[in-house]
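Peer 1: Below you will find the structure I want to go over with you.
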Amino acid sequence: MSPPVAPPGWSRWLVPPAALSVHLSIGQAYAWSVFKPSLESALDLSGTQSALPFQLGIVMLGLSAAFGGTLVERNGPRWAMTVALICFSSGFLLSALGAATEQYWLIVFGYGFVGGIGLGIGYISPVSTLIKWFPDRPGMATGIAIMGFGGGALIASPWSAQMLESFGSDSSGIAQAFLVHGLTYALFMSLGVFLVRVPRPAKTAADGTPAPLEGVQVSANSAIRTPQFWCLWVVLCMNVTAGIGILEKAAPMITDFFSDTSTPVSVSAAAGFVALLSAANMAGRIGWSSTSDLIGRKNIYRVYLGVGALMYALIAWVGDSSKPLFICCALVILSFYGGGFATIPAYLKDLFGTYQVGAIHGRLLTAWSTAGVLGPLIVNWIADRQEEAGKSGASLYGTSLIIMIGLLVIGFVANELVRPVNARHHIPAQREASDVTERQQSV
């Protein structure tokens, strides 16, 4: 499939809705917990077992983004969105079959493995294209799309819950819910496939061939050999680990923190807290990434990591004394979590150029896969050990919160070490123009 080049007069503002249609769909992954109680009851699963599809999905997201990034750059966003549509929707259809036949391995394979590939390819599919359409505001452009991934759960959570209430929470009802999800998301994601376009090269050389891209340009294979790439890998991993540690255990954490006070947190209030965190996650993706266009990428990550460490310190030492303080600190941390995701493509563009920024972004997302395991593991494992030692309330989380502060400090230092890429990693202008010519001839 050739990259679809925009015709003359095509509005660049049609591209963000195309990206949103994909990201709002695959953002359903954050709403997997809605299915957990029903699956545990219908298929006699433990909490650990019911989390397997989500965990495998996040791992496959990172791996498929890393290994598929170069293919996305070569074949274009329409190809990538089509692959994402097929894999993500097929994952739900396979899961529906698994639920109907009560074969849980098929749900894990369908949603986690096949659907996870759709998550990874879909996540990176619009990034490079958006940066090329909006070179003047790359943070805002990628923030719009990646905001959709954070906000997808706000739509999917009540929708999925309503379907389980309507169809039933037994295996048959779960199968019907999965089926409706698969078909609906296929239809919605097809809007992105239809709308997405890549821009035409704005400048040509005297002989009519495309002129080289402006600024520093580094290939994906060269980028992973630079210290800048690995500094940003550490930055993203530390920031995501800190955010996902709260996000994954938000409801029990706020309940435990205030369980020994005169005003304990109810189940409904804890659920409301989770919804607030999702909103902060989504708002941070567009708000902070747009701010990075004004103050610079390094400065915004100083805020994410430095202020984030301060917020964790406040929760650790005085969080159990004030609900408003606890909630405000958690909301700020989650806004930084979302903002970190949305700002990283623009940071990569600043350092490595637009030549293969999508492929580089895909490789960097392996940091997300690592953090997706590391963050929940730190918080849950330490809380379990503290509970076994007879502790309760806020003391269950003291050690893990201090660890999070340390991780954010590591990320802060890694961000300070980022410098411009050495010229030996830059690609020659002649090769760059030749590659653009080949892409045009394939259209």
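The values are calculated or read from the model by the stated rules, or taken from the named source; none is laboratory data. Source: prediction; values computed, not measured. Positions of Cβ are backbone-derived with ideal geometry, glycine not excepted, and every protein chain shown enters the neighbour counts. Only protein heavy atoms, including side chains, enter the accessible area calculation; ligands, DNA and RNA are left aside. Shrake-Rupley method; radii C 1.70, N 1.55, O 1.52, S 1.80 Å.
Peer 1: For region 314-421, which helices (runs of 4 or more DSSP H) that fit wholly inside it have 3 or more residues that are open to solvent by 30 Å² or more (accessible area, probe 1.4 Å), modelled with pLDDT under 85 and at negative phi?
Peer 2: Filter on region 314-421 gives 366-388.
Peer 1: What are the residues in region 259-275 that are farther than 22 Å from Ala153 by Cβ and either in a helix (DSSP H, G or I) or touching a helix residue (DSSP H, G or I) at 6+ places or on another chain (Cβ under 6 Å) (or both), if any?
Peer 2: Answer for region 259-275, where residues must be farther than 22 Å from Ala153 by Cβ and either in a helix (DSSP H, G or I) or touching a helix residue (DSSP H, G or I) at 6+ places or on another chain (Cβ under 6 Å) (or both): Ser259, Asp260.
Peer 1: Please list, ordered by first then second residue, the pairs with beta carbon atoms under 9 Å, 6 or more apart or interchain, first in region 60-86 and among the acidic types (Asp, Glu), second in a helix (DSSP H, G or I).
Peer 2: That search, which allows pairs on different chains as well, returns Glu73/Ser128; Glu73/Ala220; Glu73/Val357; Glu73/Gly358; Glu73/Ala359; Glu73/Gly362.
Peer 1: Considering each residue of region 130-163, count those that are open to solvent by 10 Å² or more (accessible area, probe 1.4 Å) and either touching a Pro at 6+ places or on another chain (Cβ under 9 Å) or assigned to a loop (DSSP other than H, G, I, E, B) (or both), and give that number.
Peer 2: 6
Peer 1: Right, something else. Any idea which residue in region 422-435 is modelled with the lowest pLDDT, counting only those that are of a type in the set (D, E, K, R) and open to solvent by less than 80 Å² (accessible area, probe 1.4 Å)?
Peer 2: Among those residues, the one meeting the criterion is Glu432.
Peer 1: Moving on to the next point. Return yes or no: is Val303 aliphatic (A, V, I, L, M), surrounded by fewer than 21 Cβ atoms within 10 Å (Cβ to Cβ) and free of Cβ contacts under 8 Å to residues at least 60 places away in the same chain?
Peer 2: Taking the combined requirement at face value, the residue satisfies it.
Peer 1: Out of all the residues in region 85-129, which are part of a loop (DSSP other than H, G, I, E, B) and touching a helix residue (DSSP H, G or I) at 6+ places or on another chain (Cβ under 7 Å)?
Peer 2: Result: Glu102, Ser125, Pro126.
Peer 1: Let me ask something else. State all residues of region 28-58 that are hydrophobic (A, V, I, L, M, F, W, C) and within 16 Å of Gly115 (Cβ to Cβ); if no residue qualifies, say none.
Peer 2: Ala29, Ala31, Trp32, Val34, Phe35, Leu39, Ala51, Leu52, Phe54, Leu56, Ile58
Peer 1: With respect to Gly76, determine if the residue is farther than 16 Å from Phe109 by Cα, touching a strand residue (DSSP E or B) at 6+ places or on another chain (Cβ under 9 Å) and not aliphatic (A, V, I, L, M).
Peer 2: yes
Peer 1: Looking at region 276-295, is at least one residue among the aliphatic types (A, V, I, L, M), at pLDDT below 90, in a helix (DSSP H, G or I) and farther than 25 Å from Ser125 by Cα?
Peer 2: Looking for residues that are among the aliphatic types (A, V, I, L, M), at pLDDT below 90, in a helix (DSSP H, G or I) and farther than 25 Å from Ser125 by Cα, one finds at least one in region 276-295, hence yes.
Peer 1: Within region 282-297, can you find the residues that are closer than 20 Å to Cys237 by Cβ and open to solvent by less than 50 Å² (accessible area, probe 1.4 Å)?
Peer 2: Those that are closer than 20 Å to Cys237 by Cβ and open to solvent by less than 50 Å² (accessible area, probe 1.4 Å): Gly284, Arg285, Ser289, Ser292, Arg297.
Peer 1: Give me the residue from region 36-74 that is surrounded by 17 or more Cβ atoms within 10 Å (Cβ to Cβ) and of a type in the set (Val, Ile, Thr) and, out of that set, farthest from the chain's Cα centre (by Cα).
Peer 2: Step by step, filter region 36-74, then rank; the result is Thr70.
Peer 1: Enumerate the pairs (first residue in region 378-390 and closer than 23 Å to Gly243 by Cβ; second residue anywhere and outside any helix (DSSP H, G or I)) with beta-carbon separation below 6 Å, excluding pairs fewer than 6 apart on the same chain, so at least 6 apart or on different chains.
Peer 2: Val379/Lys249
Peer 1: Turning to a different aspect of this structure: Does region 112-126 include one or more residues that are over 17 Å from the mean Cα position of the chain (by Cα), modelled with pLDDT of 95 or more and open to solvent by less than 50 Å² (accessible area, probe 1.4 Å)?
Peer 2: Yes: one or more hits.
Peer 1: Cβ-Cβ distance below 8 Å, separation of 6 or more or different chains: which pairs start in region 274-299 with a residue that is in contact (Cβ under 8 Å) with a residue 60 or more places away in the chain and among the polar types (S, T, N, Q) and end on one that is part of a helix (DSSP H, G or I) and surrounded by fewer than 19 Cβ atoms within 10 Å (Cβ to Cβ)?
Peer 2: These pairs meet every condition: Ser278/Leu154; Ser292/Asn299.
Peer 1: Still on this structure, I have one more. If I ask for residues that are buried (at least 19 other Cβ atoms within 10 Å of the Cβ) and among the β-branched types (Val, Ile, Thr), which ones from region 243-281 would you list?
Peer 2: Residues satisfying the conditions are Ile244, Ile246, Ile254, Val265.
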